[in-house]
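The values are calculated or read from the model by the stated rules, or taken from the named source; none is laboratory data. Everything numeric in this text was worked out from a predicted model, so none of it was measured. Neighbour counts are summed over all protein chains in view; Cβ atoms, including those assigned to glycine, are modelled from backbone coordinates with ideal geometry. Heads up: the accessible areas ignore ligands, DNA and RNA and are worked out on the full protein's heavy atoms, side chains in. Shrake-Rupley method; radii C 1.70, N 1.55, O 1.52, S 1.80 Å.
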Amino acid sequence: EAGVVQSPRYKIIEKKQPVAFWCNPISGHNTLYWYLQNLGQGPELLIRYENEEAVDDSQLPKDRFSAERLKGVDSTLKIQPAELGDSAVYLCASSLGMRGAYNEQFFGPGTRLTVL
Amino acid sequence: DAKTTQPPSMDCAEGRAANLPCNHSTISGNEYVYWYRQIHSQGPQYIIHGLKNNETNEMASLIITEDRKSSTLILPHATLRDTAVYYCIVRGQNTDKLIFGTGTRLQVFP
């Protein structure tokens with residue numbers, strides 16, 4: 001069974017340019033997460049979706065970051081415009097999303113963004 | 001903020017047991033202890049979790065002290081492929097939210 005798929009794996013852009021990351025979760029997983037991971041730090045949650053609804057986006061910098069999960073399956077995270085400080089790894093994770101039970105999160109390999 | 005404290009790094013000889021400690025002195029009664037690991041250039045991977053009893057699975061064992069203020073993840077026979085950053089996470093019962101700290105970087109050497 002395929003795991004969480006992310007693309008691209010690496011992206012290099014100049015500051016002020018837009019960038020988008022794509023994530024396809026494990027089939028049947030209702031919950032999707034986007035995390036940001038800075039060098040030497042643990043991942044930090046940006047946004048969580050239950051199906052197509054963003055249920056926790058409190059940590060998403062909404063002035064430049066946006067995300068969507070239109071059909072409740074794959075998702076796109078966008079940054080416009082990118083800043084130097086956005087250089088990091090962007091991780092996507094998914095889980096079954098069953099109520100009343102712990103839902104193990106499965107992570108993708110991440111997209112490493114470098115902003116020059 | 002993360003509710004756990006871990007040593008920044010540890011070494012372990014291949015074939016020996018790796019014992020990774022974690023302090024979570026402010027843990028409350030309905031919070032679980034989770035362990036994830038992250039191998040270089042990969043996303044984090046779930047290892048094990050527990051509430052108050054010791055737990056074992058095919059990857060590792062989790063020992064939680066009686067007062068639940070600390071725990072130890074045990075990899076019984078470490079291999080080179082176990083080299084990774086190991087995260088100890090305290091998670092509430094009614095949330096799937098994971099708050100990662102900086103973890104312990106485990107280096108397994110030949």
Exercise. Once phi is turned into ³J(HN,Hα) by the Karplus curve 6.51 cos²θ - 1.76 cosθ + 1.60 with θ = phi - 60°, what whole-Hz value does each residue of region B:92-102 show in order, with x for glycine and proline?
Worked result: x, 5, 9, 9, 9, 5, 10, 10, 8, x, 8
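Find how much the distance from B:ASN19 to B:SER41 grows on full extension, using 0.36 nm per residue of separation minus their present alpha carbon separation; answer in nm with one decimal.
Numbers: separation 22, 0.36 × 22 = 7.92 nm, distance 2.35 nm.
Result for the pair: 5.6 nm of gain on full extension.
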Exercise. Considering the Cα trace of chain B, what is its radius of gyration and what is Dmax, both in angstroms?
Worked result: 13.1, 42
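Take A:ARG9, A:ARG99 and sort them by solvent-accessible surface of the protein heavy atoms, 1.4 Å probe, largest at the top. Each step should come with its number before you reach the end.
Numbers: A:ARG9 90, A:ARG99 205 Å².
Of A:ARG9, A:ARG99, the descending order of accessible area is A:ARG99, A:ARG9.
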Exercise. In Å, the Kirkwood hydrodynamic radius of region A:1-84 over pairs of distinct alpha carbons?
Worked result: 13.6
Exercise. Hey, what did chain B get for relative contact order, percent, Cα under 8 Å, at least 6 apart?
Worked result: 38
Problem set entry | Buried area at the A-B interface (accessible, heavy atoms, 1.4 Å probe, summed, Å²) | 1400
Exercise. Which of A:LYS62/B:LYS69; A:LYS71/B:LYS97; A:LYS71/B:LYS3 have a Cα-Cα distance over 30 Å?
Worked result: A:LYS62/B:LYS69; A:LYS71/B:LYS3
Problem set entry | Cα Rg over Rh - region A:51-116, Kirkwood | 1.00
For this session: Leaving ligands, DNA and RNA out of it, work out the accessible area of B:MET59 with a 1.4 Å probe and give it in Å² to the nearest 10.
Result: 60
Exercise. Counting only Cα, what are the radius of gyration and maximum Cα-Cα distance Dmax of the protein assembly as shown, in Å?
Worked result: 17.9, 53
For this session: Might you tell me the accessible area per residue for chain A, computed with a 1.4 Å probe and given in Å²?
Result: 52
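In whole percent, and with a 1.4 Å probe on the protein chains, what portion of the accessible area of chain A is carbon and sulfur? Walk me through the intermediate numbers first.
Working: 2980 of 6030 Å².
Taking all protein chains in place, chain A shows 49 percent carbon and sulfur surface.
Counting only heavy atoms of protein chains, what accessible area per residue, in Å², does region B:5-110 have with a probe of 1.4 Å?
Numbers: 5420 Å² over 106 residues.
I get 51 Å² per residue for region B:5-110.
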Exercise. With every protein chain kept in the model, how would you rank A:ARG112, B:ARG91, B:ARG81, B:ARG37 by accessible area, 1.4 Å probe, largest at the top?
Worked result: B:ARG81, A:ARG112, B:ARG37, B:ARG91
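What is the mean number of Cβ atoms from other protein chains located within 10 Å of the Cβ atom of each residue in peptide B:39-46, rounded to a whole number?
Neighbouring Cβ atoms belonging to other protein chains average 6 per residue here.
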